[in-house]
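Chemist: Following this message is one structure expressed as structure tokens.
Read the figures in this text as sums done on the coordinates, not as results from a lab. Being a predicted model, the structure only gives us computed values, none of them experimental. All Cβ positions, glycine included, derive from the backbone under ideal geometry; neighbour counts span all protein chains shown.
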Amino acid sequence: MEEHELGRDAFESDEDFKLHRLRHSTAHIMAQAIQRLWPAARLAIGPTIQDGFYYDIGLTETISEEDLPKIEVEMKKIVKENQPFEREEWDAEKANAYFSERDQKYKVELIEGLGDQTISVYKNFSKKAGTEFIDLCRGPHVPRTGNCKHFKLLKVSGAYWRADAKNDQLQRVYGTVWPKRDQLDAYMFRIEEAKKRDHRRIGPALDLFMLHEWAPGSAFWLPKGEHIYNLLQAEMRGLLVDNGYQSVRTPLVYDKKLFETSGHWQHYQENLFHFAEGHHLEGDSDEEDDSRILAMKPMNCPCHMIMFGAKKRSYRELPIRIHDQGVLHRNELSGTLSGLTRVRQFQQDDAHIFCTEEQIADEVSDLMGLIDRIYGAFDMTFEVYLSTRPDDKLGDDALWDQAEGALKEALTRSGKEFKVKEGDGAFYGPKIDFDVYDALGRAHQCATIQLDFQLPRRFDLSYVGADNGAHTPVVIHRAIFGSFERFIAVLIEHYAGNFPVWLAPEQVRVMTVSEKSLVHGQKVYEALKAAGLQVTFDDSDNKIGYKIRECHFKRVPYMAIIGEKELESGTVSVRSRDEGDLGSLAVEAFALRVAGEAKVPF
């Protein structure tokens, strides 16, 4: 909707540019098809997104997923008509009149927001059908609709106009399109595989966690899931302590003055659970009341500022690395909640490093190595991004120049290739984000390193330098897993529930064929337990075939089957989830094998 369409230089590669054109053009085709089927549809916006596109539609009728096939049929007609895309530039008055006459109020609102500048529209038309479709658009597009053959509509969801819950609720239709049929087929295979791996399905099936409508946005961790949670927490805590971190625990509830000082009250208030002191949570946080306003912490950094500032500090102490796995709460909108990936209560492997400017590069370089080590243990690769100052930044540009320059230097020294995300930093400082790729090639933003020159100044923190003068520390905010909830969701889907032995909450299941082998089965169970393994004993009366099927369903890495043969030989018949039948093994040899695989690899 600007005078100049996006050019090649707005994209990182030729492939990205071509995909954007293809996907944006297909979004127009979908909107045109929807208007053919529902002439009263009001069109809002139709951007491209990762792997596809969507269009937001205002319509009194409900578009359901059952309607997607008929929209696809109409889209195929438009593609077959091979309509040309043509760009025109209109003045604001003409554009306003055109869309007003057609009751396209969202387009009119967009035009009014552009003022008097020239308006860019794209037209595609069919001579044979005698129809045309015109939409506000900056572009670019492919030459003709016939270039958009390999598409698929995926789902329908709700959305608010301009992402504001006070505005109209719209219907958002999602789709994907690819240059070649085999690329579309491969993508749809990944989509289907992702459905099979969905942690919201596998997690409860494996007895890891459960969700309940009475606790929206929070998980109930069942014993097996709690084992994984505790294991990751303990291993990370031990690793960090070995690397010079100090583990701490901080309160959950604070006076809002803490968050006013940090800037979160001004920039993040809608995500804070807050209430008046002495009132019930539903009792209202009426700020005109004389009561003090309290808030539950959504992150640990302001708390750690208090801890650093509680005593006089010397440059000789720095860097000070504070690690905190405390419980956090964020008041996420109900519509954004999703299993473990978007929750209201969570914990992070959170840490803050207080250091001098001269120490930044070394600290960031060490963190890059730690992240490499951790994600390598999960067979995950990652890409690195430097995110720069956002529009709502705190502090002046000179400090931001200094902070961004320091991170660039640290990244260069680390030897890691990185890309820049302009304007995607935190409000208090630039950051390094890591897109971690799972077994399906999907990106997840987990680890982060954020450089902060702002909060130490807002909290008036200082240390005594070698010159005996007062100096302000720099703070590095960092997480490696991110939230444990989200990371476990990623792991469930990455492994499709088939956890490696070291991570599996149940590593071996001992099962007996008949009552005769119960005593030997109990001895095998005790031996494996003594070897420090996560082992269970199925001594039920169920048939051995049923026991084996149940073990496969629960994705247990090893089955130790005890029958009369094993009773006589004092051995165990072993089946591996990943390798199949391993035959008979001595109990000690089997225990050593599993114990070796059970060692944490980081």
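Chemist: Answer rounded, prolate or oblate for segment 8-191, using the Cα gyration tensor with square roots of eigenvalues a ≥ b ≥ c: rounded when a/c is under 1.5, else prolate when a/b is larger than b/c, else oblate.
Modeler: Here segment 8-191 falls in the rounded category.
Chemist: Which of rounded, prolate, oblate describes segment 227-269, given a ≥ b ≥ c as roots of the alpha-carbon gyration tensor eigenvalues and a/c under 1.5 marking rounded, otherwise prolate only if a/b is larger than b/c?
Modeler: Values: a/c = 3.12, a/b = 2.31, b/c = 1.35.
Taking the square roots of the gyration eigenvalues as a ≥ b ≥ c, segment 227-269 is prolate.
Chemist: Kindly list the residues of segment 424-440 that lie in the label zone of Ala496, defined by a backbone N under 13 Å from the point 7 Å along the Cα-to-C-beta vector.
Modeler: 439-440
Chemist: Another question about this same structure. Between Ala215 and Glu383, what length in nm is gained on full extension when 0.36 nm per residue of separation is reduced by their alpha carbon distance?
Modeler: Numbers: separation 168, 0.36 × 168 = 60.48 nm, distance 3.50 nm.
This chain segment gains 57.0 nm when fully extended.
Chemist: Dipole size in debye (nearest 20) for segment 12-96 around its Cα centre, Lys and Arg Cβ +1, Asp and Glu Cβ -1?
Modeler: Numbers: 11 positive and 18 negative charges, 71 e Å.
Value, rounded to 20: 340 debye.
Chemist: Report the residues of segment 15-43 in range of a label on Lys180: point 7 Å along Cα→C-beta, backbone N strictly under 20 Å from it.
Modeler: Backbone N within reach: 15-23.
Chemist: Within segment 512-588, report the GluC sites (Glu not before Pro) that DSSP leaves as loop and that have at most 16 other Cβ atoms within 10 Å. Display every interim value, and only then the final one.
Modeler: Details: sites: Glu515, Glu526, Glu550, Glu564, Glu566, Glu568, Glu579, Glu588; in loops: Glu579.
When the GluC sites (Glu not before Pro) of segment 512-588 are filtered for loop state and at most 16 Cβ neighbours within 10 Å, Glu579 remain.
Chemist: ³J(HN,Hα) across segment 493-510 via Karplus (A = 6.51, B = -1.76, C = 1.60, θ = phi - 60°), whole Hz, x for Gly/Pro?
Modeler: 6, 4, 9, 6, x, 8, 5, x, 3, 5, 9, 5, x, 10, 8, 9, 10, 8
Chemist: Hand me the trypsin sites (Lys or Arg not before Pro) from segment 456-554 located in a DSSP loop with no more than 14 other Cβ atoms within 10 Å, in residue order please.
Modeler: Values: sites: Arg457, Arg458, Arg478, Arg486, Arg509, Lys516, Lys523, Lys529, Lys543, Lys547, Arg549, Lys554; in loops: Lys543, Lys554.
Loop-located and lightly packed - Lys543.
Chemist: For Leu231 paired with Ser314, estimate the spin-label separation in nm (one decimal), with each label point 7 Å from Cα along the Cα-to-Cβ line.
Modeler: The modelled label-to-label distance comes out at 4.4 nm.
Chemist: Note the per residue figure in Å³ for the convex hull of the C-alpha positions in segment 508-597. Before the final figure, lay out the partial values.
Modeler: Numbers: hull volume 7.3 nm³, N = 90.
Dividing the Cα hull volume of segment 508-597 by its residue count gives 81 Å³.
Chemist: Thr131 label point, 7 Å along Cα→Cβ, cut-off 17 Å on backbone N: hits in segment 24-58?
Modeler: Counting backbone N atoms under 17 Å from the label point, the list is 26-43.
Chemist: I'd like the distance between the alpha-carbon centres of segment 553-602 and segment 413-456, rounded to an integer number of Å.
Modeler: 42 Å
Chemist: A further question on this structure: With the cut-off at 1.5 for a/c, could you classify the chain from its C-alpha gyration tensor as rounded, prolate or oblate?
Modeler: Numbers: a/c = 2.02, a/b = 1.25, b/c = 1.61.
Oblate is the answer for the chain, as a/c is 1.5 or above yet b/c matches or exceeds a/b.
Chemist: Fully extended, how many nm does the chain gain between Ile49 and Lys565 (0.36 nm per residue separation, minus their Cα-Cα distance)?
Modeler: Values: separation 516, 0.36 × 516 = 185.76 nm, distance 5.97 nm.
Full extension of this stretch gives 179.8 nm more.
Chemist: For Arg138, which sequence-distant residues (separation of 5 or more, or a different chain) have an amide H within less than 5 Å of its own amide H, given hydrogens modelled in the peptide plane?
Modeler: Amide H neighbours of Arg138: Glu2.
Chemist: Could you tally the net charge around Glu226, taking each other residue with its Cβ under 15 Å from the Cβ of Glu226, Lys/Arg +1 and Asp/Glu -1?
Modeler: -3
Chemist: Under a point-charge model restricted to the Cβ atoms of Lys and Arg (+1) and Asp and Glu (-1), what is the dipole moment magnitude of segment 128-258 relative to its Cα centre, in debye to the nearest 20? Spell out each step's value before the answer.
Modeler: Numbers: 22 positive and 15 negative charges, 101 e Å.
Dipole size: approximately 480 debye.
Chemist: May I pose another question? Considering the alpha-carbon set of segment 402-493 alone, what are its Rg and its Dmax in angstrom?
Modeler: Both quantities, over Cα of segment 402-493: 16.4, 55 Å.
Chemist: Also, I was wondering about something else. On a 32 Å Cα-Cα criterion, which of the cross-link pairs Lys76/Lys431; Lys127/Lys152; Lys105/Lys257; Lys256/Lys416; Lys18/Lys431 come out too long? Provide the component values of the computation, followed by the final result.
Modeler: Working: Lys76/Lys431 44 Å; Lys127/Lys152 26 Å; Lys105/Lys257 43 Å; Lys256/Lys416 40 Å; Lys18/Lys431 29 Å.
Beyond 32 Å between Cα atoms: Lys76/Lys431; Lys105/Lys257; Lys256/Lys416.
Chemist: With runs of 4+ DSSP H residues as the only contributors, calculate the mean residue ellipticity of the chain at 222 nm using -39,500 (n - 2.57) per run, divided by the residue total and rounded to the nearest 500. Please list the in-between numbers first.
Modeler: Details: 18 runs with 214 residues, N = 602.
Value at 222 nm, helices only, nearest 500: -11000 deg cm²/dmol.
Chemist: Using the Karplus curve 6.51 cos²θ - 1.76 cosθ + 1.60 with θ = phi - 60°, what ³J(HN,Hα) values do you get for each residue of segment 367-376, in whole Hz, with x for Gly and Pro?
Modeler: Working through the residues one at a time gives 5, 4, x, 5, 5, 4, 5, 5, 6, x Hz.
Chemist: Regarding segment 1-100, what's the average projected area of the Cα-atom convex hull, expressed in nm²? Walk me through the intermediate numbers first.
Modeler: Details: hull surface 30.8 nm².
Approximately 7.7 nm², given one-decimal rounding.
Chemist: Same structure again: Only sites in a loop by DSSP and with at most 10 other Cβ atoms within 10 Å count here; which GluC sites (Glu not before Pro) in segment 209-242 make the cut? Display every interim value, and only then the final one.
Modeler: Working: sites: Glu213, Glu226, Glu235; in loops: Glu213.
Loop-located and lightly packed - Glu213.
Chemist: Take the Cβ-Cβ distance between Ala530 and Arg249 as r, set R0 to 35 Å, and report the resulting FRET efficiency rounded to the nearest 0.05. Spell out each step's value before the answer.
Modeler: Numbers: r = 33 Å, r/R0 = 0.96.
My answer for the efficiency is 0.55.
Chemist: At q = 0.27, 0.30 Å⁻¹, what is the log10 ratio I(q)/I(0) for segment 288-329, with the Debye formula run over Cα points and no solvent?
Modeler: Each listed q maps to, in turn, -1.02, -1.12.
Chemist: Just to verify a number: FRET efficiency for Thr118 and Glu61, C-beta to C-beta distance, R0 = 35 Å, to 0.05?
Modeler: E between Thr118 and Glu61, to the nearest 0.05, is 0.50.
Chemist: Assuming R0 = 41 Å, what is the FRET efficiency of Leu333 and Ala92, from their Cβ-Cβ distance, to the nearest 0.05?
Modeler: On the way: r = 34 Å, r/R0 = 0.83.
Step by step, r from the Cβ atoms, then E = 0.75.
Chemist: With each pseudo-label sitting 7 Å past Cα toward Cβ, what's the Phe602-Arg201 distance in nm, one decimal?
Modeler: Going from the Phe602 label point to the Arg201 one covers 2.8 nm.
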